[in-house]
Amino acid sequence: MARSFDNRSHPLICCQWSLAAQCVKLLDKRGDLRIFVTSKCVVGGEQVCMPEEQPIERAREDEHEGKSPSTQAGEFVREEMEHIREGEHGARSPEQAIAIGLSKARRAGVELPPPKRGKERTKRQAKRDLAKGRKGSRKKPSRRRSRATKRALKREPRRSASKKALSRRATQAARQRSARSRSAAAKKAARTRKRRR
């Protein structure tokens, strides 16, 4: 459960974000470091939000464990679904929500190849995202464009991240695969589980 602190009434006087540690570092009057894992913090009477878990860190952990790029990208997709459920923004369909997560993953440096099937525009965008992730350039995004994107997504429904919508999407995706492909994936999952134990 998230805790809140008000630095006007609490002895903790200095608040500093630590994204790598996924927590809030607070120094008290004696200079002792106190760490609280939190999602929300009240600093100076103003509420500041912070992600509970950082998908970049989780994706790096997956990479160190030797997991596939699609598994690493799954962390970003999961975060996107959480954003929609929390009401930060919406999505027109589960496919759009997944596409946003995959785009973020590629831009963060996950080596997820462009889809083999699909529209040319989608493939082109995936290649562009992948190139940006490899380059690692941290150019500041356009504030006007970001605001316009956020406003457009806020108008979209929240039901696209519901369990029912995601279950329907998973069933559709499974139907598109052959029985042989599904069987091979299940066997690989069983092998991986054994190896981890």
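The values are calculated or read from the model by the stated rules, or taken from the named source; none is laboratory data. Here the structure is a predicted model, which is why all the values come from computation and not from measurement. Here the Cβ is made from the backbone with ideal geometry for all residues, glycine too, and neighbour counts use every protein chain on show.
Yes or no, residue by residue, for (1) modelled with pLDDT of 90 or more; (2) part of a loop (DSSP other than H, G, I, E, B); (3) surrounded by fewer than 21 Cβ atoms within 10 Å (Cβ to Cβ):
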position: E63; (1), (2), (3): no, no, yes
position: G74; (1), (2), (3): yes, no, no
position: R78; (1), (2), (3): yes, no, yes
position: E82; (1), (2), (3): yes, no, yes
position: R92; (1), (2), (3): yes, yes, yes
position: A99; (1), (2), (3): yes, no, yes
position: V110; (1), (2), (3): yes, yes, no
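Take K164 and tell me if it is under 30 Å from G87 (Cα atoms) and outside any helix (DSSP H, G or I). When the stated conditions are applied, K164 does not pass them.
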